[in-house]
Structure formats: C-alpha cells, structure tokens
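K.L.:
So that we are looking at the same thing, I have put the structure below in structure tokens.
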Amino acid sequence: MPQLRIPTAVSTALQRLPLPGPGPLLPPSSELIDWPSQLARPSRIAYFAYSIDGYDGETTNQEDIFEVSPVTGAIRRITDDRAKPTVISDRDPVWAPSGTQLAVHRGSENGPPVRVEIISRSTGEVVQPLVTGFRPRWLDAHTLLYLNTVGSDGPTPHDEVFAVERHGLGVTQITDLGPAIRVSSLSWHPSAGLAVDCLEVATNRFGIALIPAAAVGSARAPGGSPVTAAGITWLTPPDLNVGEPDWSPNGDRLALSTWIADSPGRVGYWTIADASLTLVPGPAPETPTLEDVGAVFSPDGRSLAFLRGAEDGWTEIWLYRLRDGAMRQLTDEGRQRAKARLDWGYVRSSWWQLPWGPIPWWQMG
C-alpha cells in the first residue's frame, strides 16, 4: 500500500499534511507473523501495564511485567504484585539475549531509589539486582546501558547514560551531555550505535541523536571519557517532534513516535539512508483522538508493534507489517489496562519449559 514518506528537506510540511488513513485490517484469525519462523525461533512482546479500574484483581494499581505472543495474542503475567499492600512499579522490560531473562527497572512506594534489575522470565523473581537507574537496554549479554540522574543536589539535575557490567557491577559513565540536553530513552545497535531521544532545552527541540558505536566503546575503555554534546549527531530535523527510538535488527531504520501540537500522536520509522519518515496509518475516522505511541521492531525486522489508545487510561497492542501495510489488533482487554514500553525479542521456549503448562505445539508461537 502507499506509504507517506517525508524527506528531511520538506519535513516542515508535516504539520500541513493530512494524517494517513487506516490501512487494510486483517481479521483476528489472519496472522502478520511467519508461522515456520515462529516455531523455529519463537518471540514475545514484553511490556509493563497497570489498571486504574480494578481490572483482573488489581487493587493498588500495581505496575507489572507481561508478555504476549505475536501469533496467538495470549497474554501472560511475568511479575505479580497484586497482593502487596504498597505500590510496586516494575517498568521498561527488555529481553536478554538468552531469551530467558529480562532487564527491568523497579521502584516502590516510599521505597529505595529505582533500580535496574534482572528478572527471570519464568518466575518473575529477581535474578540479579544491579544499580540505581532506569530505562535499561542490553549492550551485550554481559553489559547493560541505562539512564541515571546526576546533579541531584544541584540546581540542574539531569539524566545521563551509564553502563554496568553484570559481573562485578562495574559502572562507566557513557555520556556527559549536561543539563542543556535532556535524554529520556535510548536504543543500542552494535554497529549503528546508540540512538537517544533528546530535548534541547534552549530551543525546545525534541529529536533523536546518534552516538557512534566507536564513541561508546571509547567511553567504556580504561581511561576513556564520556561523550559530550559535541559528540552527538542529530538524525532528525529540528522541526520534527520525535522520540522513543528503537533500532531495526540491521540498523538501517529506527522505529519512533511523533507528534504535532493539538493532534494525536502517531508512530512510524525513520530510514537512515535517505533521512525520511514513514508513518503507520492512524486509527479509523470514527476514533480520531486515539493516540499511537511506542513503536518497536520485530526481531526479524519485518513488522512493528505499537500501542493505540488513550494516554494514561488504556492501550492495546497493534501489529503493522512493513511490506504491505497490513495491520491487526493483537490484544483486546476491553480498554481496562494501560500498557507501555514494548520490547519484542526472541525467547527460549519448549513445551516442558512453559511456566503456564504444556500447550499444543501449533500454539507455541
């Protein structure tokens, strides 16, 4: 299907362009996922979610970690804090390369500072507590990148990127961008580099910037120095509000969220080679106020998963296939739960390993 592509040179026209209409919708029984590849190497979409209306036994608005099959839409809760009297916030899950664990950040009401931790996919229990911080991302099987606040006691606290080694818990500061550039999320690719979404405070510019992989390596090396603001390159133009980057598997595109003042948010992907934005078609005309946010690539790079719903109220997960624009709604919890921070990764599954018990082999996707 035709796709809206906006070259950098004319990106200022975005505010005058009509939002793309809904693409072809597949019925629930049709799949956007290749069944043979799912059987050979299954994947799951992880996310955190909460309910504000007591849905599914919720009593204290706990934020728990879930996973969903991109083939069947079956949802499984990984952490379960529903019975706890105080609010526990488990957020921002990212799949470990092993497919058996996830990195999350965890906080609690009146508790210690938010920490990055490794949890078991099968039990939801903490496997390894790491460091104070949030928004973790795997750099490799032994190292995580994350954000942490510096200058908390000064006039301009702000967040910088750090790395922590799982063995020994050695911490290295990766960026020193200063308070003039505010980082809120990141995505790592071993060859494409570190993509960060930034707010340039002086100009109120929201965009995605790139830190080369070599610069990250230099910062981690003994005696290395953090990357300063002079070491970043803006990938997106100053007149385009974008954030929440997620690299495609081969590093040629970034999934992202974009927004215009007084208009619902939309998602799409940025193509590095020609500096262009491709937008995913928005909701149907009868629901023009629904927001699309938080797009991420599938592990094979063929599809996007994203969230559609009402901000802070409810969201559902949708799938979008890049080659033909086919779409379908993956989850439907009756608009009772707000989902956020998707991560789509390969997992290690066998029928005897599945914590919810054996299921037919043809549903193991």
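K.L.:
I need the full set of residues from segment 81-121 which are in a loop (DSSP other than H, G, I, E, B), surrounded by fewer than 18 Cβ atoms within 10 Å (Cβ to Cβ) and over 21 Å from the mean Cα position of the chain (by Cα), in order please.
P.N.:
R82, A83, K84, P85, T86, V87, E109, N110, G111, P112, P113
K.L.:
Could you tell me which numbered condition T203 fails, if it satisfies all but one of (1) assigned to a loop (DSSP other than H, G, I, E, B); (2) touching a Leu at 6+ places or on another chain (Cβ under 6 Å)?
P.N.:
Result: T203 passes all but (2).
K.L.:
What residue, of G217, G223, G170, is surrounded by fewer than 21 Cβ atoms within 10 Å (Cβ to Cβ), small (G, A, S) and closer than 22 Å to D246 by Cβ?
P.N.:
Details: G223 fails: closer than 22 Å to D246 by Cβ; G170 fails: closer than 22 Å to D246 by Cβ.
Sole residue among the options that is surrounded by fewer than 21 Cβ atoms within 10 Å (Cβ to Cβ), small (G, A, S) and closer than 22 Å to D246 by Cβ: G217.
K.L.:
Additional query: Working carefully through the options A214, A219, find the one that is more than 20 Å from A275 (Cβ to Cβ), outside any loop (DSSP other than H, G, I, E, B) and free of Cβ contacts under 8 Å to residues at least 40 places away in the same chain.
P.N.:
Exactly one residue qualifies, and that residue is A214.
K.L.:
Among the residues in segment 190-198, are any exposed (fewer than 14 other Cβ atoms within 10 Å of the Cβ) and either of a type outside the set (A, V, I, L, M) or within 24 Å of G154 (Cα to Cα) (or both)? Steps first, answer last, please.
P.N.:
First, the residues of segment 190-198 that are exposed (fewer than 14 other Cβ atoms within 10 Å of the Cβ): 190-191.
Checking which are either of a type outside the set (A, V, I, L, M) or within 24 Å of G154 (Cα to Cα) (or both) leaves us with 190-191.
The answer is yes; a qualifying residue exists.
K.L.:
Still on this model: What number of residues within segment 284-304 satisfy the criterion of being assigned to a strand (DSSP E or B) and at negative phi?
P.N.:
Counting residues in segment 284-304 that are assigned to a strand (DSSP E or B) and at negative phi gives 8.
K.L.:
Here's a follow-up. Given the structure, is I272 farther than 20 Å from V183 by Cα, at pLDDT 95 or above and more than 15 Å from the chain's Cα centre (by Cα)?
P.N.:
When the stated conditions are applied, I272 passes them.
K.L.:
Can you tell me which of (1) surrounded by 21 or more Cβ atoms within 10 Å (Cβ to Cβ); (2) assigned to a loop (DSSP other than H, G, I, E, B); (3) not basic (K, R) is the one I208 doesn't meet?
P.N.:
Of everything listed in (1) surrounded by 21 or more Cβ atoms within 10 Å (Cβ to Cβ); (2) assigned to a loop (DSSP other than H, G, I, E, B); (3) not basic (K, R), I208 misses just condition (2).
K.L.:
Here's another thing I want to ask about it. Which one of E160, E165 is within 18 Å of S225 (Cβ to Cβ) and among the acidic types (D, E)?
P.N.:
Details: E165 fails: within 18 Å of S225 (Cβ to Cβ).
Answer to the selection: E160.
K.L.:
Out of segment 245-265, which residues are modelled with pLDDT of 95 or more, of a type outside the set (D, E), over 16 Å from W234 (Cβ atoms) and surrounded by 15 or more Cβ atoms within 10 Å (Cβ to Cβ)?
P.N.:
W247, S248, G251, R253, A255, S257 - these are the residues of segment 245-265 that are modelled with pLDDT of 95 or more, of a type outside the set (D, E), over 16 Å from W234 (Cβ atoms) and surrounded by 15 or more Cβ atoms within 10 Å (Cβ to Cβ).
The values are calculated or read from the model by the stated rules, or taken from the named source; none is laboratory data. What you see is a predicted model, and the numbers here were worked out from it, not measured in a lab. Cβ sites come from the backbone with ideal geometry, for glycine too, and all protein chains shown count toward neighbours.
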